[in-house]
Amino acid sequence: MHQVVQGRQTRLGAGRAPHPSCPRLPLASLLLLLAPAGRETAMRDGRRKHMDKDSRVIIEEGMGRGDSARKIAREAGTSPSTVTREVKANRTLKEKRRTPGANLSVRCARGKECTRVGSACDGCSSRAVRCRDCRTRSCIEHCPDLEPPMCPVTERWPYVRPEGCRKRQTCSYPKSRYRAEEAQVAHEERPVSSRRGIGLTADGLERLNSRIAPLVRRGWSFEAICTELGDGLGVCLRSLCNCQADGILEISNVELPRKARLRPRKRRRDQGKPRIDRSGHEHSDFMALPLEERARVVQGDSVCGRQRAARDILTPHIVARHLQLYPRRRHADPAATVAAFDRIERALGSRAAFGAAFGIMLLDRGTEFDDLEGMERSCLEPGERRCRIFWCDPQESNQRSEAERNHEQLRRIFPKGHVGMDALTDRDVALACSHVNSYPLASIGGCPFGGLGSLLPEGALARLGIVRIPAGGVVLRPSLAPHAYLR
C-alpha cells in the first residue's frame, strides 16, 4: 500500500520513472484501495442503486448523535450528497394545528407577495378581499400555489429541526424529523403513486375523447377501436377502459353493451381461519397420487334450494363412469353426510365394494363435508377405512368441474330458485337420479347405466331406489316433481 502511494507520488510529482518494485495499477484499483471498507464493497459489486432500510437506519442514528453528512456517508458506504438528498426527500413534515378563524397566510412561503383575490379556492364569498387576508375559511389550504414555509434552520444540515431547539414547542413552522421507518415507507410509495391516474394532459384527454366518442356512438367497441387506430391512439385498451370507468371520457356504460350486460367481477374475500385440520387431504395431496388412483376419483358437491331450506341433495359423481347418486339429507350437516355414505355402503353390501366405487373422493370445502373421520370410516367394519377423502382448494370449483357440469341435468328437473327442497321426498330424488343416469350422453355413446358393469350392480342401485329408465321415457323436466315446483 505504501509502495503504491509512493510510486504514484513519484510519477505525478517528479515525472521520473517508477521504481521497479512498484506495480503499475489502474486508477480504478487505486480508488478502491483508498476508499473506506463500506464504500469499497459498494463500488465493487455495483449495488446501492437505491438506498435500503439499513442505510436509512444508519442515517437516523448518525443524525441522533449529531454526526456530519460526510461521516454518516462514510459509515453507510455512499456519498454525502446522497445522504443529504435522502434526508430532504424523505423527511416528515408536521404542521402545527391552527384554531378556527386564525390567519392562515403564514402557512404559505409566498404569503407576503401573494396577489390572488377570490381565486385561491372555489366558491369564494369574499371576492373583494385578498386571499392571504381571508379569515372566513382556510382558503390558503386549497390554493394551487401553496408553498409551506420552512424554518431557516432546516435549510442546512441536518435539514430537520434539532431536538434540543428551545423554540420547538412554540414555533409556528412545520416540524420536521427523519425516521428510517417513515422514510422507507415514503420511498416505497413514491414509484407507486407516480404511476397512478391517467398519464395524459387535459389537451390529450380532449383529443382522445373527440376520437373515441363518435366511434362508440356508432356501435364500435373499445377492442375494435384499438385494433383500427393502433398506436395512433396513444393509449392501450386497458387505459381506455380505465378512463371510461373513472368518468374521464364522455362515454356512459349504456353505450357499451357488453359492460352494461356483464356484472362486476367479485373480489375474493379473506378465507378466514380453517375450521378443521386438512393437512394431508388438500388438493395438492390429491394431485400427488398416482394417475391410476386419480382416474377413479369421485367428485362430491351439494345442490341446494332456496335460503333457509332444511334439506338439500348430496351429489357424488363417479367421473370415470359418468354416474351420479343423489342422497337426500339435512342441509349443511356433517352427520347427515356421513349417514348418506353409510346408506350407500349398506346398499353395496361390503366395505370392499364401497372402496372399489368410492375409494378416492374429492369434495367441496363446505361445512357438510367437515367430518373427515366419519366419512372415511366404515359402518360395516368398525375401525376400518372405506375411502380416502380430499378437498378442493377454496373458490376453485373448476377442480371438480365434472360434478359441476352434471348439475345442469339435475337442474332441469329441479330449477334453481323454483323448487322447494323441503317438499321433495326420497322417492322424488331417486326418480330424478334414475332419469338423469338414463339420459344418453354423446361422450360415452349411451347412458351411464351401460358402463357400470360389476362396479355398481343394478341390485345395489335398486336398494337405493335407482332404476334404469328406457330411452323413450327419460324426462328432464320439472313435471317429474310438480308438487315441489315453485312458480
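Yes/no per residue for (1) aliphatic (A, V, I, L, M); (2) outside the structural domain of E373 (by the TED database); (3) in a loop (DSSP other than H, G, I, E, B); (4) at pLDDT below 80:
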position	(1), (2), (3), (4)
L208	yes, yes, no, no
R211	no, yes, no, no
W220	no, yes, yes, no
E223	no, yes, no, no
N242	no, yes, no, no
K259	no, yes, no, yes
R278	no, yes, yes, no
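So which residues in segment 439-487 are among the polar types (S, T, N, Q) and either free of Cβ contacts under 8 Å to residues at least 12 places away in the same chain or touching a Lys or Arg at 6+ places or on another chain (Cβ under 7 Å) (or both)?
Residues of segment 439-487 that are among the polar types (S, T, N, Q), as a first pass: 443, 454, 479.
S454, S479 - these are the residues of segment 439-487 that are among the polar types (S, T, N, Q) and either free of Cβ contacts under 8 Å to residues at least 12 places away in the same chain or touching a Lys or Arg at 6+ places or on another chain (Cβ under 7 Å) (or both).
Run down L323, L372, L348, L380 and say which single residue is under 19 Å from R275 (Cβ atoms) and assigned by the TED database to the domain that holds E458.
Matching residue, one of L323, L372, L348, L380: L372.
Please work out which one of (1) among the polar types (S, T, N, Q); (2) at pLDDT 90 or above; (3) not assigned by the TED database to the domain that holds S172 is the condition T82 fails and give its number.
For T82, the exception is condition (3).
Condition (residue is aliphatic (A, V, I, L, M) and in contact (Cβ under 8 Å) with a residue 40 or more places away in the chain) applied to segment 320-333: is it met by at least one residue?
yes
Within segment 282-292, does at least one residue satisfy the condition of being crowded, with 20+ Cβ neighbours inside 10 Å and not aromatic (F, W, Y)?
no
Identify, please: which residue in segment 422-477 is in a helix (DSSP H, G or I) and charged (D, E, K, R) and is, among those, farthest from L323 (Cα to Cα)?
D422
From the set of residues in segment 457-474 that are touching a helix residue (DSSP H, G or I) at 6+ places or on another chain (Cβ under 6 Å) and at negative phi, which is surrounded by the most Cβ atoms within 10 Å (Cβ to Cβ)?
By that ranking, first place goes to I466.
Matching residues to (1) at pLDDT below 95; (2) outside any strand (DSSP E or B):
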{"position": "R321", "(1), (2)": "yes, yes"}
{"position": "T337", "(1), (2)": "no, yes"}
{"position": "D342", "(1), (2)": "no, yes"}
{"position": "R346", "(1), (2)": "no, yes"}
{"position": "M361", "(1), (2)": "no, no"}
{"position": "G374", "(1), (2)": "no, yes"}
{"position": "C379", "(1), (2)": "no, yes"}
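Among the listed residues G64, G38, G77, identify the single one that is touching an Asp or Glu at 6+ places or on another chain (Cβ under 9 Å) and at pLDDT below 65.
G38
Is it the case, given these coordinates, that G204 is closer than 30 Å to E255 by Cβ, of a type in the set (G, A, S) and modelled with pLDDT of 75 or more?
Values: closer than 30 Å to E255 by Cβ: yes; of a type in the set (G, A, S): yes; modelled with pLDDT of 75 or more: yes.
Yes: the conditions hold for G204.
Out of the residues in segment 187-201 meeting the condition of being of a type in the set (G, A, S) and either outside any helix (DSSP H, G or I) or modelled with pLDDT of 85 or more (or both), tell me which one is farthest from S252 (Cα to Cα). Break it down into steps so the answer makes sense when it comes.
So the first thing to find is which residues in segment 187-201 are of a type in the set (G, A, S), and the list is 193-194, 197, 199.
Keeping just the survivors that are either outside any helix (DSSP H, G or I) or modelled with pLDDT of 85 or more (or both) gives 194, 197, 199.
Working: S194: 28, G197: 19, G199: 21 Å.
Here the answer is S194.
Find all pairs meeting these conditions: Cβ atoms under 8 angstrom apart; at least six residues apart or on different chains; first residue within segment 148-175 and farther than 18 Å from R65 by Cβ; second residue part of a loop (DSSP other than H, G, I, E, B) and among the acidic types (D, E).
P148/E95; P174/E95; K175/E95
Here is a yes/no grid of residues against (1) closer than 27 Å to F286 by Cα; (2) under 32 Å from the mean Cα position of the chain (by Cα); (3) not hydrophobic (A, V, I, L, M, F, W, C):
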site: E381; (1), (2), (3): yes, no, yes
site: W391; (1), (2), (3): yes, yes, no
site: N398; (1), (2), (3): yes, yes, yes
site: E408; (1), (2), (3): yes, yes, yes
site: R411; (1), (2), (3): no, no, yes
site: F414; (1), (2), (3): no, no, no
site: G420; (1), (2), (3): no, no, yes
site: L424; (1), (2), (3): no, no, no
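Against the condition among the basic types (K, R), part of a loop (DSSP other than H, G, I, E, B) and modelled with pLDDT of 75 or more, how does R137 come out, does it pass?
Against the criterion (among the basic types (K, R), part of a loop (DSSP other than H, G, I, E, B) and modelled with pLDDT of 75 or more), R137 does not qualify.
Could you list, in sequence order, all residues of segment 216-226 that are without any contact (Cβ under 8 Å) to a residue 12 or more places away in the chain and touching a helix residue (DSSP H, G or I) at 6+ places or on another chain (Cβ under 9 Å)?
Answer for segment 216-226, where residues must be without any contact (Cβ under 8 Å) to a residue 12 or more places away in the chain and touching a helix residue (DSSP H, G or I) at 6+ places or on another chain (Cβ under 9 Å): G219, W220, A224.
The values are calculated or read from the model by the stated rules, or taken from the named source; none is laboratory data. Bear in mind that the values here come from a model prediction, so they are computed numbers and not experimental data. In this analysis, Cβ positions are derived from the backbone assuming ideal geometry, glycine residues included, and neighbour counts consider all displayed protein chains.
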